[in-house]
Amino acid sequence: MKSIPNPHAESSRDPKDQISFYITNLPERMDRKGLWSLCQSYGVIVDSYVAYKKSKLGTRFGFVRFAEVKDSITFARLLSTIKVDNVKLFATVSRFQSGKHPNKSKPFRQAHQYTHNDPKEQGNKDQSSNDGSSNYHKGRNRNDSYVLAEQDLVQISNPMESILVKLKDVHTVTSIRTVLKEEGFDDVTIQYVGGLWIWCIFDSVDACAAFKVNTTLRSLYSFARPIVINFVMDERLTWVEIFGMPLCAWKSSAFKRVSELFGRFIFFDKESCNVMSLGRVCIATRLMSFINEMVNVEINGVTYDVFDVKLDRGR
């Protein structure tokens with residue numbers, strides 16, 4: 001039987017080359033040795049830790065410190081493909097990277113401030129995908145690319161008849177078909193791409209050209225671009241739940257301010273308005289990974305741990 005290394009043995013590796021990952025959704029029976037054994041096939045582990053208490057979300061969590069990690073974001077996505085009893089783990093780069101256990105020195109965790117980039121710059125950037133990442137641990141090098149065949153790709157018969165449009169308002173997504181008919185565009189196929197993007201396919205090149213110069217329709221979108229094979233959305237829409245705020249901050253403007261750490265505010269969920277202690281907010285964000293953050297919010301000189309969790313309705 002293969003022995004499990006001591007999770008807390010001193011490592012001779014340079015701490016500067018080590019990265020800690022926060023792991024949650026751990027099963028009840030999991031301990032630090034079990035977490036070490038679960039993750040050891042994915043890289044060089046130098047330390048592991050499982051908290052005795054649960055997170056404020058009611059899940060068990062721990063930390064694993066790896067050496068020789070070249071791309072921490074991609075590696076976190078790889079760890080998030082691990083399943084235990086059909087439950088997928090969630091992993092993210094820990095905000096605490098000193099090498100000490102969090103129970104010995106409490107980490108200060110702060111979310112990345114959201115900034116909006118021009119879709120002209122963002123659209124052509126290559127972004128990693130979770131698709132196929134579960135194949136990495138089956139003898140593949142983590143730096144390898146997964147190659148898609150021609151039959152796996154979308155075929156566009158005539159790019160001159162299509163256009164990608166980013167709408168200004170999320171509510172226009174549901175009304176754009178009606179507006180197009182009112183403007184004389186009866187034969188047009190509209191496909192929702194994600195975020196505020198739609199894909200319009202016209203019956204002719206002339207109809208597509210007429211759409212581009214229509215002033216009424218031009219007022220509804222902020223950006224339009226021809227179909228290109230390497231297009232990637234610059235942002236997505238997702239729902240974020242915010243809880244842990246004190247009573248004095250149970251106000252929509254406070255929840256809005258916290259949500260804007262992760263993206264651009266779109267609107268509140270009307271169904272959650274009656275639950276004052278919980279903010280459920282729709283945001284447009286460039287963060288493509290799962291949002292599960294604890295942020296420090298200071299109110300009247302007192303710092304509170306506030307959690308932001310993405311719901312499954314993001315797209």
Point to revise | Contour minus Cα-Cα distance for Phe243 and Ala210 (0.36 nm per residue) | key: 7.1 nm
Review point. What are the ³J(HN,Hα) values, in whole Hz, obtained from phi via the Karplus relation 6.51 cos²θ - 1.76 cosθ + 1.60 with θ = phi - 60°, for each residue of the range 64-72 in sequence order, with x given for Gly and Pro?
Key: 10, 10, 10, 10, 6, 8, 7, 10, 5
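For a protection proxy built on the mean count of beta-carbon atoms within 10 angstrom, sort 70-78, 277-285 highest first, please.
Output ranking for 70-78, 277-285: 277-285, 70-78.
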Point to revise | Added length on full extension, which subtracts the Cα-Cα distance from 0.36 nm per residue, Glu182 to Thr303 | key: 38.2 nm
Practice item. Return the FRET efficiency for the residue pair Val154, Val87: r is the Cβ-Cβ distance, R0 is 30 Å, and the value is rounded to the nearest 0.05. Key: 0.35
Practice item. Arrange Val258, Val84, Val297 by Cβ neighbour counts within 10 Å, fewest through most, would you? Key: Val84, Val297, Val258
**Study point:** Between the range 24-59 and the range 185-230, the Cα center-to-center distance that results, in Å
**Key:** 48 Å
Revision key, fill the gap. Toy charge model, Lys and Arg Cβ at +1, Asp and Glu Cβ at -1: the range 15-93 dipole around Cα centroid in debye, rounded to 20, equals 280 debye
Review point. In nm, to one decimal, how far is the modelled label at Glu68 from the one at Val44, with both set 7 Å along Cα→Cβ?
Key: 0.4 nm
Point to revise | Of Lys33/Lys53; Lys54/Lys83; Lys54/Lys251, pairs whose Cα-Cα distance is over 21 Å | key: Lys54/Lys251
Review point. For the peptides 217-223, 182-188, what is the packing order when you average, over each peptide's residues, the other Cβ atoms within 10 Å and list the highest mean first?
Key: 217-223, 182-188
Review point. Among Thr172, Thr178, what is the fewest-to-most ranking by other Cβ atoms within 10 Å?
Key: Thr178, Thr172
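Readers should treat all values here as calculations from the given coordinates under stated rules, not as data from a laboratory. Just so we're clear, the structure is a prediction, and the values are computed from it rather than from any experiment. Every residue, glycine as well, gets a Cβ built from its backbone with ideal geometry; the counts of neighbours run over all protein chains shown.
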